[in-house]
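J.: Dumping the structure here so I can ask a few things about it.
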Protein chains: 2
Amino acid sequence: MKYAYINGTILEHAQATLHISDLGLRRGYAVFEFLRVLEGIPVFLEDHLDRFARSAALLELEPPHGPEELARVVLELIGRNQISEGGIQMLLTGGYSEDAFTPGRPNLIITPIPVNPPPPQLYEKGGKIILHQNRRELPEAKTTDYLVAVRLAKRARAEGATEVVYHDGRWVFEGGRSSLLLVKNGVLVTAKEEVLPGITRKHLLEVARPLLPIEERPFTLEELYYADEVILTGATRQVMPITQIEDRPVGNGQVGPWAKVLMEAFQRHLGAYLSQRRANAVHKASPH
Amino acid sequence: MKYAYINGTILEHAQATLHISDLGLRRGYAVFEFLRVLEGIPVFLEDHLDRFARSAALLELEPPHGPEELARVVLELIGRNQISEGGIQMLLTGGYSEDAFTPGRPNLIITPIPVNPPPPQLYEKGGKIILHQNRRELPEAKTTDYLVAVRLAKRARAEGATEVVYHDGRWVFEGGRSSLLLVKNGVLVTAKEEVLPGITRKHLLEVARPLLPIEERPFTLEELYYADEVILTGATRQVMPITQIEDRPVGNGQVGPWAKVLMEAFQRHLGAYLSQRRANAVHKASPH
């Protein structure tokens, strides 16, 4: 974490500051992306750049650079910070605002973030989720609206839960930092609207499509409670089985067969992605 | 706007920066207060300090100073910036966070903000509001969650509206930056729960109490549409009559008699408050 990028300049991370009139700070008006770096490669970078642009458009913020330049900065930061395993955050704010309300020219920040991957036993035994009635404002955009997630993290930790899942009393939306899927009678179900379009979720659906039927539709709390299996996805947690909802077991309380199949299939898919990026990098670097 | 305050230090406003790892910027985890300065006096300062402490407690943030020291800084900033008419914002964030998620030691910022009071015709002819289905997360706390308000400001302006009012399809909550009251059959009605405890609203209720019956309870969209009068309150707009909801007039479309009475009563109340503060200031400064 030696270097960060702000508005066109790479500078010492310790010196990376914004003026207090920034609208991200003052009014929570900002979008971001977080992407995992594995083996020095930014995982699913193209998808993250796509979603970054879509989130920005939903807030009527125009990024100062297109995806090619953003990708170049991400790769430069990975190189200069010598990141083999870690994370990169891209943040686009409403910019400096004199009246603390009207957006100005967006500020763009790209910075490395240290990552603590979840412990292996969460994948072997499955994790616990807790539920909370909440709906993110403008859920299709990845904004910095994490008020509830940050506030409930302590309660989640105290209860041994890995994630807080939002619902409205009837419909289940998503985790505070993850997408949610369930398996019932051999069908994979996951919400498509009124939730963040998860990128790990998208790739998991890609590998799941040849394996089992998929229904992309809203599901209820009751369906969640009576699911055979529940799965969380996210950039850091990847594909994680959930075996407990509040104090109730999911199915028989063990990691289910579909979760195992899907975790393995996702790891193969991710491995293939990383191999291909490595090959491309070698190809680009070669003199031919 | 020459000076601002950050974490114990008054510094040049232009130099007032936070590191990009601040959790207010990264995750919208911050509370604030905005208070009007009139005749060099911070209006309803005690109420704002109270609410600041309550908002902070709801986010489990501990302000580094108690209300006396915060009041002292506010007065010092008013003096050093020579503010006669304007505004002051106090902001308390989740602090610097290495993992961009776990709160650290809160950052406290106090800074002047320029204010453009609404044009007089809004008080003479009344304003227009537009409606939007939204509920602020953790509405009782004054957080920096203004994503929807900032995003809709352009639409409001384009439609000639002074404010966006949030509802859930049935119940009406509050304006993006204001509290909402209605008058029906001589009774003043305003929501008390699931909304920000508005300070101008509180003072308006104080002056209204001897004048007409008050019901502090939730009200519906239907009640809003069929109200005799509608009133908005806020630190900058003070007490503002609303004569149009979307494309429908409120009552006969004119500023109603209760709005006139309440605007006048509030101005007297505010005048008395300012006189008393001036007297206190003279008293404190006198050598007796």
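Readers should treat all values here as calculations from the given coordinates under stated rules, not as data from a laboratory. What you see is a predicted model, and the numbers here were worked out from it, not measured in a lab. Please note: Cβ atoms are built from the backbone with ideal geometry, for glycine as well, and neighbour counts cover all protein chains shown.
J.: Helix B:199-208 versus the longest principal axis of chain B: what angle, 0 to 90°, nearest 10, using Cα atoms?
T.: Compared with the principal axis, the helix lies near 40 degrees.
J.: Let's see if you can work this out: charge +1 on each Lys and Arg Cβ, -1 on each Asp and Glu Cβ, no other charges. What is the dipole magnitude of the protein assembly as shown about its Cα centre, in debye to the nearest 20?
T.: It works out to roughly 480 debye.
J.: Something else about it: In degrees, nearest 10, range 0 to 90: what is the angle between the Cα axis of helix A:45-58 and the longest Cα principal axis of chain A?
T.: The helix A:45-58 is inclined about 80 degrees to chain A.
J.: For A:ASP247, A:ASP228, which order do you get if you count the other beta carbons within 10 Å of each Cβ and list the fewest first? Provide the component values of the computation, followed by the final result.
T.: Working: A:ASP247 8, A:ASP228 17.
The most exposed by this proxy come first: A:ASP247, A:ASP228.
J.: Stokes-Einstein D for the range B:15-84 at 25 °C, 0.890 mPa s, Kirkwood Rh over Cα pairs, in µm²/s?
T.: Numbers: Rh = 13.6 Å.
Once the numbers are plugged in, D ends up at 181 µm²/s.
J.: Something else now. Run the reach check for B:LYS2 against aspartates and glutamates, Cα to Cα strictly under 19 Å, same-chain hits fewer than 8 apart removed. What comes back?
T.: Correct list for B:LYS2: A:ASP22, A:GLU98, A:ASP99, B:GLU12, B:GLU39, B:GLU76, B:GLU85.
J.: How big is the dipole moment of the range A:3-113 about its Cα centre under a simple scheme where the beta carbon of each Lys and Arg is +1, that of each Asp and Glu is -1, and everything else is neutral? Debye, nearest 20, please.
T.: Around 200 debye, computed over the range A:3-113.
J.: Which one, A:GLY256, B:LEU212, A:LEU274, projects farthest toward the positive side of the charge dipole computed for the protein assembly as shown from Cβ point charges (K/R +1, D/E -1)?
T.: Going by the Cα projections, it comes out as A:LEU274.
J.: Decide, for the protein assembly as shown, between rounded, prolate and oblate: order the square roots of the alpha carbon gyration tensor eigenvalues as a ≥ b ≥ c, take rounded if a/c falls under 1.5, and otherwise choose prolate if a/b is larger than b/c, else oblate.
T.: Working: a/c = 2.20, a/b = 1.56, b/c = 1.41.
Here the protein assembly as shown falls in the prolate category.
J.: Tell me whether the range A:121-272 comes out rounded, prolate or oblate; compute the Cα gyration tensor, take square roots of the eigenvalues as a ≥ b ≥ c, and use a/c under 1.5 as the rounded threshold. Please list the in-between numbers first.
T.: Details: a/c = 1.40, a/b = 1.23, b/c = 1.14.
Note, shape of the range A:121-272 comes out rounded.
J.: Something else now. Nearest 500 deg cm²/dmol is fine: what mean residue ellipticity at 222 nm does chain B get from its DSSP H runs of n ≥ 4 alone, each adding -39,500 (n - 2.57), divided by its residue count?
T.: -10000 deg cm²/dmol
J.: Pick from A:SER178, A:SER21, A:SER55: which residue has the top mean-square fluctuation in a GNM of chain A where Cα pairs under 10 Å get a spring?
T.: Result for chain A, Cα springs under 10 Å: A:SER21 fluctuates most.
J.: Could you check the spin-label model distance between A:LEU58 and A:ASN252? Points 7 Å from the Cα along Cα→Cβ, value in nm.
T.: 4.0
J.: Is chain B rounded, prolate or oblate when judged by the Cα gyration tensor, a ≥ b ≥ c being the square roots of its eigenvalues, rounded requiring a/c under 1.5 and prolate requiring a/b larger than b/c?
T.: Details: a/c = 1.96, a/b = 1.33, b/c = 1.47.
The shape class here is oblate.
J.: When the Karplus curve 6.51 cos²θ - 1.76 cosθ + 1.60 is applied with θ = phi - 60°, which whole-Hz ³J(HN,Hα) does each residue of the range B:187-193 get, with x for Gly and Pro?
T.: 10, 8, 10, 7, 6, 10, 10
J.: Give me the distance in nm between label points sitting 7 Å out from Cα along the Cα-to-Cβ direction at A:LYS154 and B:TYR226, one decimal.
T.: 4.6
J.: Using a Gaussian network for chain A with springs between C-alpha atoms less than 10 Å apart, which of these wobbles most: A:LEU204, A:LEU188, A:LEU18?
T.: Most flexible of the set in this elastic network: A:LEU18.
J.: Please compute, for peptide A:140-153, the average count of beta-carbon atoms on other protein chains lying within 10 Å of each residue's beta-carbon.
T.: 6
J.: Next up: What ranking do A:SER179, B:SER275 get, fewest neighbouring Cβ atoms within 10 angstrom at the top?
T.: B:SER275, A:SER179
J.: Where both partners of a DSSP beta bridge lie in the protein assembly as shown, what percent of those bridges are antiparallel, to the nearest 5? Before the final figure, lay out each step's value.
T.: Details: 93 of 115 bridges.
Of all bridge pairs located within the protein assembly as shown, approximately 80 percent are antiparallel.
J.: Further question on the same structure: Give me the Debye-computed log₁₀ of I(q)/I(0) at q = 0.16, 0.26, 0.35 Å⁻¹ for the range A:124-164, equal point scatterers on Cα only, no solvent, two decimals.
T.: Values returned for q = 0.16, 0.26, 0.35 Å⁻¹ are -0.47, -0.92, -1.20.
J.: Of B:GLY24, B:ILE242, B:LEU180, which is farthest along the charge dipole of the protein assembly as shown in the positive direction, counting Lys and Arg as +1 and Asp and Glu as -1 at C-beta?
T.: Comparing the listed Cα positions along the dipole, B:GLY24 ranks first.
J.: Could you estimate the translational diffusion coefficient of the range A:118-206 from the Stokes-Einstein equation, with Rh from the Kirkwood formula over C-alpha pairs, at 10 °C and 1.306 mPa s, in whole µm²/s?
T.: After rounding, the answer is 113 µm²/s.
J.: Using the Karplus curve 6.51 cos²θ - 1.76 cosθ + 1.60 with θ = phi - 60°, work out ³J(HN,Hα) for each residue of the range B:72-82 in order, rounded to whole Hz, and write x for Gly and Pro.
T.: Residue by residue, the range B:72-82 yields 4, 5, 4, 5, 5, 5, 4, x, 5, 8, 6 Hz.
J.: Something else about it: Between the helical axis of A:257-285 and the dominant principal axis of chain A, each derived from Cα atoms, what acute angle in degrees is found, rounded to the nearest 10?
T.: 20
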